[in-house]
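The values are calculated or read from the model by the stated rules, or taken from the named source; none is laboratory data. Fair warning: this is a prediction, and the values are worked out from it, not measured in the lab. Cβ coordinates were reconstructed from backbone atoms using ideal geometry, including for glycine residues, and neighbour counts include every protein chain displayed. Just the protein is used for accessible areas: all its heavy atoms, side chains included, with ligands, DNA and RNA removed. Shrake-Rupley method; radii C 1.70, N 1.55, O 1.52, S 1.80 Å.
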Amino acid sequence: ATPRADLEARARRFARAAAALGWEAEPAPLVAIAGGGAGTESTLPSFGVLLRHPALPEAAAAARLRQRPLPVLARLAEERLVLDLRTVSPEEEEELLAALREALESA
């Protein structure tokens with residue numbers, strides 16, 4: 001139920017924080033798809049962050065994020081990680097930034 005404008009503001013802040021960690025980060029409009037499998041007809045306007053790191057291929061970054069004790073699931077699109085902030089509560093943003101930091105530790 002979060003308004004898209006709120007998601008956009010959060011995405012802009014999150015992108016700045018991710019960039020401070022060394023990621024190339026760009027806030028971007030997205031379309032969230034509700035449901036799964038055959039029931040994916042409902043869509044919602046959303047906003048998120050597109051991420052890339054010069055020293056870590058996107059597939060490797062995605063694998064590192066998935067392998068955490070608390071996994072982070074990011075889509076891969078156009079050679080970037082896609083984080084949809086509609087699926088992240090504001091309280092989870094610090095944990096998500098910690099995950100991005102950890103992904104770079106051995107890069």
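A few notes on this one:
- Rounded to 0.05, the FRET efficiency of the ALA5 and LEU76 pair, given R0 = 30 Å and the Cβ-Cβ distance, is 0.65.
- Distance between the pseudo-spin-label points of THR87 and ARG52 (7 Å out from Cα toward the beta carbon): 2.1 nm.
- The order of LEU73, LEU51 by accessible area, most exposed first and with a 1.4 Å probe, is LEU73, LEU51.
- Identified option (computed Rg and Dmax of the Cα atoms in Å; candidates [x] 13.5, 40; [y] 15.0, 46; [z] 18.1, 59): [x]
- For the chain, size of Cβ-based charge dipole, Lys and Arg +1, Asp and Glu -1, in debye: 60 debye
- Take the Cα of LEU44, go 7 Å toward its beta carbon, and the backbone nitrogen atoms of the stretch 82-107 under 13 Å from that spot belong to 84-90.
- The stretch 1-93, accessible surface, carbon-and-sulfur percent (1.4 angstrom probe): 55 percent
- Modelled label positions at LEU97 and ILE33, each set 7 Å beyond Cα in the direction of Cβ, lie 3.1 nm from each other.
- The stretch 44-107 - Rg (one decimal) and Dmax (whole number), Cα, Å: 11.4, 36
- Taking all protein chains into account, the per residue accessible area for the chain stands at 58 Å² (1.4 Å probe).
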